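*Asks:* Pasting a structure here, questions to come.
Rule-based calculations on the coordinates, nothing more; no lab input. All figures in this text were calculated on a predicted structure; none of them were measured in a lab. Neighbour counts are summed over all protein chains in view; Cβ atoms, including those assigned to glycine, are modelled from backbone coordinates with ideal geometry.
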Amino acid sequence: MWLRTHCELTFDVNVPTPFILMLRPRNGANQWVARESYTLRPSVPVFEFTDDYGNLCQRLIAPPGMFLVKTSADIHTNEYIEMCAGAPFEEVQNLPNAVLTYLLPSRYCESDRFIELAQEIVAGVSSGYDQVASINQWLRNNIRFNPDSPYFQMSAVEVNLAGEGVCRELAHLGIALCRALCIPARMVVGYLHGLKPMDFHAWFEAYVGGRWYTFDPTQAEPRGGRVVVAYGHDAADVAIFTQFGPALPPLHMAVKVERLNGPPE
């Protein structure tokens, strides 16, 4: 399916402020970026680099005053996510070197604190994909997805105690539970067609059966129409913008995803 993504951010900057932005989707096995636009007002010099996770990042200094960031892209992506019940657990000694890092506890995913709970959730379940599916269902049954949650930037431990959170928090807990079972798991941030309310979205992927699979506890049914912008251990690695200096939230933020009838001309 073809999707057109839009993002607009407006900041009121008091002093010259360094930013790192992470707003460009990248080409990969499951998505192709056919067209892209990236506008900054006022226009400032930008240095782009690729971080340790392969994410496309832009460094700049925003001048005092109103600062606008506007992006758009036309992307071909899968209409359905791939599923594979019964895909086997990958023994740690056989994992690719690049995947090993996603076994470790991280700032927001304290997997070493969830060994007993994870084992309880998957008791009697076949190792591998089916365990992750059980974790995903447990999250749906026990942690309320609340887009208006008053809690902010919670770790896996905190969201488990609160019993609710936004998509980012549910992903943190899912990742921690997977890693507690020695299943590599990583955070994904991007766009989801048809998401309500529309916003940037977060979910997680788990590595079983020799590849990564998508899991999203905020959705009642498996859904495709996803555009990946960034991967990382947790939210600390995938912020769509990071300010260094006065940390003021955007005055305005708008996200939109449209389905196209075919490839862009």
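*Asks:* Just flag the GluC sites (Glu not before Pro) in segment 72-105 sitting in loop per DSSP whose Cβ has no more than 15 other Cβ atoms within 10 Å.
*Replies:* Qualifying residues, ordered by number: Glu79, Glu82, Glu91.
*Asks:* Under 5 Å between amide hydrogens, which residues at least 5 positions from Glu110 or on another chain qualify, with H placed 1.01 Å from N in the peptide plane?
*Replies:* Ala156, Val157
*Asks:* Only Lys, Arg, Asp and Glu count, each charged at its Cβ (+1, +1, -1, -1), so figure out the dipole size of the chain about its Cα centre, rounded to 20 debye.
*Replies:* Values: 20 positive and 28 negative charges, 128 e Å.
That gives a dipole near 620 debye.
*Asks:* Could you sort 230-238, 48-56 so that the peptide with the highest average Cβ count within 10 Å comes first and the rest follow in order? Spell out each step's value before the answer.
*Replies:* Details: 230-238: 21.1, 48-56: 13.2.
So the order, starting with the most tightly packed, is 230-238, 48-56.
*Asks:* Let me make sure I get this right: for segment 92-223, a, b and c are the square roots of the gyration tensor eigenvalues over alpha carbons, sorted descending. Under 1.5 in a/c it's rounded, otherwise prolate if a/b > b/c, else oblate. Which is it?
*Replies:* It is prolate, given that a/c is not under 1.5 and a/b is the larger ratio.
*Asks:* Based on alpha-carbon centroids, what's the gap between segment 171-247 and segment 124-154 in Å, whole number please?
*Replies:* So the separation of the two Cα centres works out to 12 Å.
*Asks:* Ok, one more. Quick check: residue separation of Lys256 and Glu36 times 0.36 nm, minus the Cα distance between them. What number comes out in nm?
*Replies:* That works out to 77.7 nm of additional length.
*Asks:* Let me ask another. Please list, in chain and number order, the residues 5+ apart from Val229 or on another chain whose amide H is under 5 Å from its amide H, with Hs placed from the backbone.
*Replies:* Hits under the 5 Å cutoff: Val189, Gly190, Tyr191.
*Asks:* Here is a follow-up. Using the Karplus curve 6.51 cos²θ - 1.76 cosθ + 1.60 with θ = phi - 60°, work out ³J(HN,Hα) for each residue of segment 255-265 in order, rounded to whole Hz, and write x for Gly and Pro.
*Replies:* 10, 9, 10, 10, 8, 9, 6, x, x, x, 8
*Asks:* Can you compute 3J(HN,Hα) from phi for each residue in segment 67-79, using the Karplus curve 6.51 cos²θ - 1.76 cosθ + 1.60 with θ = phi - 60°, rounded to whole Hz and x for Gly and Pro?
*Replies:* 10, 10, 10, 9, 10, 8, 8, 10, 9, 9, 9, 6, 6
*Asks:* Show me, for segment 185-193, the HN-Hα J-couplings you get by feeding each phi into the Karplus relation (A = 6.51, B = -1.76, C = 1.60, θ = phi - 60°), rounded to Hz, glycine and proline as x.
*Replies:* Going residue by residue, I get 8, 9, 8, 10, 10, x, 10, 10, 4 Hz, with x marking Gly and Pro.
*Asks:* Could you tell me the calculated FRET efficiency between Ala85 and Glu116, based on Cβ-Cβ distance and R0 = 35 angstrom, to the nearest 0.05?
*Replies:* Numbers: r = 25 Å, r/R0 = 0.73.
My answer for the efficiency is 0.85.
*Asks:* Can you tell me, using C-alpha contacts under 8 Å and at least 6 residues apart, the relative contact order of the chain as a whole percent?
*Replies:* On the way: 598 pairs, mean separation 77.8, N = 265.
Over the chain, the number comes to 29 percent.
*Asks:* Here's another thing I want to ask about it. Which chymotrypsin sites (Phe, Trp or Tyr not before Pro) does segment 129-203 hold that lie in a coil by DSSP with at most 12 other beta carbons within 10 Å?
*Replies:* Of the chymotrypsin sites (Phe, Trp or Tyr not before Pro), the ones in loops of segment 129-203 whose Cβ has at most 12 other Cβ atoms within 10 Å are Phe152.
*Asks:* Right, here's the next one. What angle do you read, to the nearest 10 degrees and between 0 and 90, between the alpha-carbon axis of helix 129-142 and the longest principal axis of the chain?
*Replies:* Helix 129-142 and the main axis of the chain meet at about 70 degrees.
*Asks:* Suppose the chain between His6 and Glu221 were pulled fully straight at 0.36 nm per residue; how much longer would it get relative to their current alpha carbon spacing?
*Replies:* 74.9 nm
*Asks:* Could you please rank Cys178, Cys84, placing first whichever residue has the fewest other Cβ atoms within 10 Å of its Cβ?
*Replies:* Least to most surrounded, the residues fall as Cys84, Cys178.
*Asks:* Given H placed on each backbone N at 1.01 Å, which residues far from Ala34 in sequence or on other chains put an amide H within less than 5 Å of it?
*Replies:* The list, which skips near neighbours in sequence, is Asp74, Ile75, His76.
*Asks:* Out of Leu95, Leu103, Leu173, any idea which swings most in a Gaussian network model of the chain, alpha carbons joined below 10 Å?
*Replies:* Maximum among the listed residues: Leu95.
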